[in-house]
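Okay, structure first, notes after.
The values are calculated or read from the model by the stated rules, or taken from the named source; none is laboratory data. What you are looking at is a predicted structure, and each value in this text was computed from that prediction instead of being measured. Because the Cβ atoms are built from the backbone with ideal geometry, glycine has one as well, and the counts that use them run over all protein chains shown.
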Amino acid sequence: MSHHWNTLMEPSTRPPLRRFLVIERSVRSGAYPNSESLADELEVDSRTVQRDIAFLKDQLGAPLEFCRKRNGYHLTDLSWTLPAFQLTEGELVSVFLAERLIRQYRGTPFETDLARAFDRIASARQAIRRHRHRHRSPVAGREACTSIAVRSSA
C-alpha cells in the first residue's frame, strides 16, 4: 500500500524546512509572531518552535530578536534570507539532525568526531555568511521595537 510520507508522520517529526519557511515568512511580514502563535499555525508544540528559532539563529545566522513590547519575534536585518537556495531540503534536514545528534552523544566517545564534522560544515557556512555580511547594510528606518501595544498570542 502506497502512502505519502507526510500522512504517516506527526507534524513535529516532519522535516523542519517547512517550519523554517513559515517562521521566516511570518517574522518578515512584520506580524511579530511568538512561539505560541507559530506553534498553532504549524500544528506543533511551542517547544518545537523555540528549538527551530534557536537553530535558525545559532546555525543559520538568522537575525531574529524577541520584542517584549510586541510579544513576538522580528528580523533585525531584512536582507537576511534562509539559505534554502544553497542547500537542498535533505541537506538542511541533515544539518538540523546532525546538531541534535551531537547533543545526544555528549559525553560519549563519538562526541569529538561528530562535533569535528559538524564544525567543519559550519565553518564553510560561516565563510559564506561573512562574505555576505561584508556586502550588505542594515535596514534603514526600521526600529527594532516601537511603543505599540503588546499583542496577545491568541
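At-a-glance table
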| quantity | calculated |
| --- | --- |
| Count of the range 43-93 residues which are aliphatic (A, V, I, L, M) and either surrounded by fewer than 17 Cβ atoms within 10 Å (Cβ to Cβ) or assigned to a loop (DSSP other than H, G, I, E, B) (or both) | 8 |
| Selection from the range 28-46 of residues that are out of contact with any Gly (no Cβ under 8 Å at 6 or more places or on another chain) and either within 18 Å of residue 95 (Cα to Cα) or touching a residue at least 12 places away in the same chain (Cβ under 8 Å) (or both) | 28, 30, 35, 36, 38, 41, 42, 43, 44, 45 |
| The range 26-68 - residue that is closer than 23 Å to residue 119 by Cα and polar (S, T, N, Q) and, of those, modelled with the lowest pLDDT | 59 |
| Among residues of the range 56-72, those that are of a type in the set (Asp, Glu) and under 18 Å from residue 93 (Cβ atoms), counted | 1 |
| Where residue 146 falls short, out of the listed (1) at pLDDT 80 or above; (2) under 29 Å from residue 37 (Cβ atoms) | (1) |
